[in-house]
Amino acid sequence: MIKTTIKILLFIGVIFLGYKFLKDDSNRSYESSFLYKLSSKEKAKLQNGDIILRRGYGLVSTMILKMMDEDYDVTHLGIIINQNDTLKVAHALSSSVSNQDGLRLQALDSFVHNSHDQTILVTRLKNIDSINQQKIVRQIAYYKQKNLPFDHSFNYKDSTEHYCSELIWRIYEHNLNILKVSDTLSDEYKYNSLKTFYDTNYFDVIINHQKKGKSSLD
């Protein structure tokens, strides 16, 4: 009887942990014991406007990674901002994988928590200054207020919705004109890939947990 009870409790625990780690829920409290996180020294390096990339959990992330020809094991990204002395990540998510739809501000620790181990990559636009960093923060506040839905069609030409990388392109390239890439890059390549955001021609790598590059899914 006791063994059966223990097995049932273990089974319930497995289900709970599975839900906890696979569901991207920015509203839950962060538990720092045994979870993937950035060190204090790494957090001290972060600035407004930094780009943070990761590989998320779930079938959708796995499918994205297989479809995209990335050099790193990444499927999602957001913008780091310091809000009231708290580091947060502004990123667009679908309600199909989240408890919210569209742009959200998620605690940095929670964002990293929802990432596969050793997949965090943080980059910073070359030669960005504090003025443009503050402009990025204001842009995020603007889009947060607009409350645009997630772009499930991934149509980068439609500004009424946005997906994760489209939001960043819209802020960096269209609105602030601080990211200027080679004219040889097609729009299809730019908007359907994350490569530009860790291309060392345009961005400096601040934190790299992926020194060996993309892992094989075969």
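The values are calculated or read from the model by the stated rules, or taken from the named source; none is laboratory data. Since the structure is predicted, the reported quantities are computational estimates derived from the model, not experimental observations. FYI the Cβ positions are ideal-geometry reconstructions off the backbone, even for glycines, and counts take in every protein chain you see.
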>> Would you confirm whether or not the range 93-116 contains a residue that is among the β-branched types (Val, Ile, Thr) and either part of a strand (DSSP E or B) or within 16 Å of the chain's Cα centre (by Cα) (or both)?
In response: yes
> Would the range 116-131 turn up any residue that is among the basic types (Lys, Arg), within 24 Å of ARG55 (Cα to Cα) and free of Cβ contacts under 8 Å to residues at least 60 places away in the same chain?
Replying inline: no
> Applying the selection to the range 117-127, what residues are surrounded by 21 or more Cβ atoms within 10 Å (Cβ to Cβ) and outside any strand (DSSP E or B)?
Replying inline: THR119, ILE120
> Looking only at the range 161-174, which residues are out of contact with any helix residue (DSSP H, G or I) (no Cβ under 8 Å at 6 or more places or on another chain), farther than 22 Å from ASN82 by Cβ and in a helix (DSSP H, G or I)?
Replying inline: GLU173, HIS174
> Do we find a residue being out of contact with any helix residue (DSSP H, G or I) (no Cβ under 6 Å at 6 or more places or on another chain), at pLDDT 90 or above and surrounded by 21 or more Cβ atoms within 10 Å (Cβ to Cβ) anywhere in the range 138-160?
Replying inline: yes
>> Within the range 67-82, does at least one residue satisfy the condition of being modelled with pLDDT of 95 or more and surrounded by fewer than 21 Cβ atoms within 10 Å (Cβ to Cβ)?
In response: yes
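Matching residues to (1) under 22 Å from ASP69 (Cα atoms); (2) touching a residue at least 12 places away in the same chain (Cβ under 8 Å); (3) touching a strand residue (DSSP E or B) at 6+ places or on another chain (Cβ under 7 Å):
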| site | (1), (2), (3) |
| --- | --- |
| TYR142 | no, no, no |
| GLN145 | no, no, no |
| ASN175 | no, yes, no |
| PHE197 | yes, yes, yes |
>> Which condition from (1) under 19 Å from LYS195 (Cβ atoms); (2) of a type in the set (A, V, I, L, M); (3) not in a helix (DSSP H, G or I) is the one that LEU148 breaks?
In response: (1)
> Is it true that SER153 is in contact (Cβ under 8 Å) with a residue 12 or more places away in the chain, over 23 Å from LEU38 (Cβ atoms), assigned to a loop (DSSP other than H, G, I, E, B) and of a type in the set (Gly, Ala, Ser)?
Replying inline: no
